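> My questions will all concern the structure given below.
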Amino acid sequence: MEGTVFTPALQEIEHVKSDQGEILSKPFLDACKHILPVIDKFGAAMALVKSDIGGNISRLETMYSSNPSRFNYLYSLVQVEVETKTAKSSSSCTNGLLWLTRAMDFLVALFRNLIEHEDWPMSQACTDSYNKTLKKWHGWLASSSFTVVVKLAPDRKKFMNVIGGTGDINADIEKFCTTFSPLLQEIHKFLARFRLDDMKAS
């Protein structure tokens, strides 16, 4: 593997913003998609997270594909639902974008823990990042499920070797966190303007 498993995502992130600084739908969704192979390396511990992310990407892609010029900018997917008052529906693209962004928040926090706390076992790195990001939005059932699956987390050293490839994995994780995190914060701010950033899981 040339570079690390983060290499394709890092290359895609460079194209996420237009010349005017707006987040473009397709490059953003492609960047998220490039993180799926990283999640694969966690095995069963992250199967739910992976299917959740994949499902939300597909939902947004379907809407984007229905009219690529109209939905060229990511926020246009939300604005059309705000106008039709469908944004708060559980099957809306707005809901999909919100949960996709939250799942990415969790992964950024997890990757950050892996490079900042080298003495932490994988389960601790996962639990800490979950508590900081997704937990407050999850109901009891989802939180309980997470507690069970985190026990399946792979050995930290083996995981880092697998995702490292031929590149500098710590440098790539650092770069991913610092370049992707501001995009996520920007999406949260946009959703918060319409009071759409605080929907919880049922």
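> Report the FRET efficiency, 1/(1 + (r/R0)^6), for residue 115 and residue 140, where r is their Cβ-Cβ distance and R0 is 22 Å, rounded to 0.05.
Values: r = 32 Å, r/R0 = 1.44.
In this case the efficiency is close to 0.10.
> Right, next: Hey, how many Å between the Cα centroid of region 163-202 and the Cα centroid of region 75-118?
9
> If the elastic network links every pair of Cα atoms under 10 Å, which of 133, 86, 101 fluctuates the most in the Gaussian network model of the chain?
In the Gaussian network model the winner is 86.
> Related question: Per residue, how much accessible area does the chain have with a 1.4 Å probe, in Å²?
Using a 1.4 Å probe on heavy atoms only, each residue of the chain averages 50 Å².
> When only C-alpha pairs under 8 Å and at least 6 residues apart count, what is the relative contact order of region 44-172, in percent?
Details: 95 pairs, mean separation 33.8, N = 129.
The value is 26 percent.
> Take residue 170, project a point 7 Å from its Cα along the Cβ direction, then tell me which residues of region 104-146 have their backbone nitrogen under 18 Å from it.
Output list for this probe position: 110-122, 125.
> What is the spin-label model distance, in nm, from residue 132 to residue 86 if the labels are put 7 Å beyond Cα along the C-beta direction?
It works out to 3.7 nm between the two label points.
> Just want the answer: with Cβ charges of +1 for Lys and Arg and -1 for Asp and Glu, which residue in 11, 166, 65 is farthest toward the dipole's positive end in the chain?
The listed residue farthest towards the positive side: 65.
> For the chain, what is the calculated [θ] at 222 nm in deg cm²/dmol (nearest 500), taking -39500 (n - 2.57) for each run of four or more DSSP H residues and dividing by its residue count? Please report the intermediate quantities before stating the final value.
On the way: 10 runs with 130 residues, N = 202.
Taken over the chain, the calculation gives -20500 deg cm²/dmol.
> Still on this model: If you filter region 30-109 for trypsin sites (Lys or Arg not before Pro), then keep DSSP loop positions with at most 11 other Cβ within 10 Å, what is left?
Values: sites: 33, 41, 50, 59, 70, 85, 88, 102; in loops: 41, 70, 85, 88.
Here the sparse-neighbourhood loop sites are 85.
> Of all the stretches in the chain, which is the longest one without any exposed loop site, taking GluC sites (Glu not before Pro) in a DSSP loop (any state but H, G, I, E, B) with at most 15 other Cβ atoms within 10 Å? Walk me through the numbers on the way to the answer.
Working: sites that count: 2, 14, 22, 118.
So the longest stretch without any such site is 23-117.
> Hey, got a sec? Which trypsin sites (Lys or Arg not before Pro) in region 134-202 land in a DSSP loop and have at most 13 other Cβ atoms within 10 Å?
Numbers: sites: 135, 136, 151, 156, 157, 158, 175, 189, 193, 195, 200; in loops: 195, 200.
Passing sites in region 134-202 are 195, 200.
> Only sites in a loop by DSSP and with at most 12 other Cβ atoms within 10 Å count here; which chymotrypsin sites (Phe, Trp or Tyr not before Pro) in region 98-192 make the cut? Could you put the intermediate results ahead of the total?
Values: sites: 99, 106, 111, 130, 137, 140, 146, 159, 176, 180, 190; in loops: none.
Sites meeting the loop and neighbour criteria: none at all.
> Rounded, prolate or oblate: which fits region 1-96, taking a ≥ b ≥ c as square roots of the Cα gyration tensor eigenvalues, rounded meaning a/c under 1.5, else prolate when a/b beats b/c?
oblate
> Along the charge dipole of region 6-191, Cβ charges K/R +1 and D/E -1, which of 78, 91, 49 sits furthest on the positive end?
Most positive-ward Cα: 91.
> Residue 138 accessible area, nearest 10 Å², 1.4 Å probe?
Estimated to the nearest 10 Å², residue 138 gives 50 Å².
> How large is the convex hull of the Cα atoms of the chain per residue, expressed in Å³ as a whole number?
Numbers: hull volume 23.1 nm³, N = 202.
Measuring per residue, one finds 115 Å³ for the Cα hull of the chain.
> Give the carbon-plus-sulfur fraction of the accessible surface of the chain in %, rounded to a whole number; probe 1.4 Å, heavy atoms of protein chains only. Mind dumping the intermediate values first?
Details: 5350 of 10060 Å².
That fraction is 53 percent.
> Let me spell out the model: positive unit charges on the Cβ of Lys and Arg, negative unit charges on the Cβ of Asp and Glu, origin at the Cα centre of region 52-202. What dipole size does that give, in debye rounded to 20? Kindly include the intermediate steps, with their values, before the conclusion.
Details: 18 positive and 16 negative charges, 104 e Å.
Roughly 500 debye for region 52-202.
> List the DSSP H helices in the chain whose Cα atoms stretch 20 Å or more along the helix axis and whose mean Kyte-Doolittle hydropathy is at least 0.5.
Details: long enough: 47-66 (29 Å, -0.02); 93-116 (34 Å, 0.81); 169-193 (36 Å, 0.10).
For the chain, where a helix must reach 20 Å along its axis and average at least 0.5, the hits are 93-116.
The values are calculated or read from the model by the stated rules, or taken from the named source; none is laboratory data. Since we're looking at a predicted model, the values are computed, not measured. Ideal geometry is used to build each Cβ from the backbone, glycine not excepted, and the neighbour counts take in all protein chains shown. To get the accessible areas, we keep the full protein, side chains included, count just its heavy atoms, and leave off ligands, DNA and RNA. Shrake-Rupley method; radii C 1.70, N 1.55, O 1.52, S 1.80 Å.
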